[in-house]
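Asker: Quick one: the structure is below, and I'll ask about it shortly.
The values are calculated or read from the model by the stated rules, or taken from the named source; none is laboratory data. Worth saying up front: this structure is predicted, and the values here are computed from it rather than measured. Note: ideal-geometry Cβ built from the backbone for every residue, glycine included; neighbour counts use all protein chains shown. Note: accessible area is taken over every heavy atom of the protein model, side chains too, but ligands, DNA and RNA are not part of it. Shrake-Rupley method; radii C 1.70, N 1.55, O 1.52, S 1.80 Å.
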Amino acid sequence: VIGKQIKDWEKQEFKEEYQFDVNVERLDSILRDNFEIKSVKLDVQGFECNVLNGMGSGIASSIDTIKFELSGKWLRGQGCTETRLLKQFFDFGFFLYRHFSAELGFQDRLERGTRVPGDDVDFDMFASRQSSTAAANVNK
């Protein structure tokens, strides 16, 4: 993954003058024991499976809610699938939801084994430790 250019479209070009180095560190090398993370926005252009693999259950168990985009095109471009990504969230003990509102909380819960549509999948989702619609505002 490191050193790979992530293009938004196939013919996108990256001018050298706009390229720069980014330091990458594993979260478990920065975070210490006994921490809590209320909310994470995961926007990694199809690398969600890689992030969850690197996260491990220790960090995952410290996160209350993760907002992420479920995009079949991006996932398959990085060697993952929608089914595999959702399974990873379930295996970490998250409940998965299609919608969230401050008034109603999490809604439209997906059950383990739910199949999602194929190539046209592209929508935001929420992985949460909360099993009901009574939820804290993830926008804070």
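Asker: Could you list, in sequence order, all residues of region 26-44 that are within 16 Å of the chain's Cα centre (by Cα), open to solvent by 50 Å² or more (accessible area, probe 1.4 Å) and at pLDDT 85 or above?
Answerer: Lys38, Lys41, Asp43
Asker: Can you report the number of residues in region 65-100 which are open to solvent by less than 50 Å² (accessible area, probe 1.4 Å), in contact with a Ser or Thr (Cβ under 9 Å, 6 or more places away or on another chain) and part of a strand (DSSP E or B)?
Answerer: Final tally of qualifying residues: 5.
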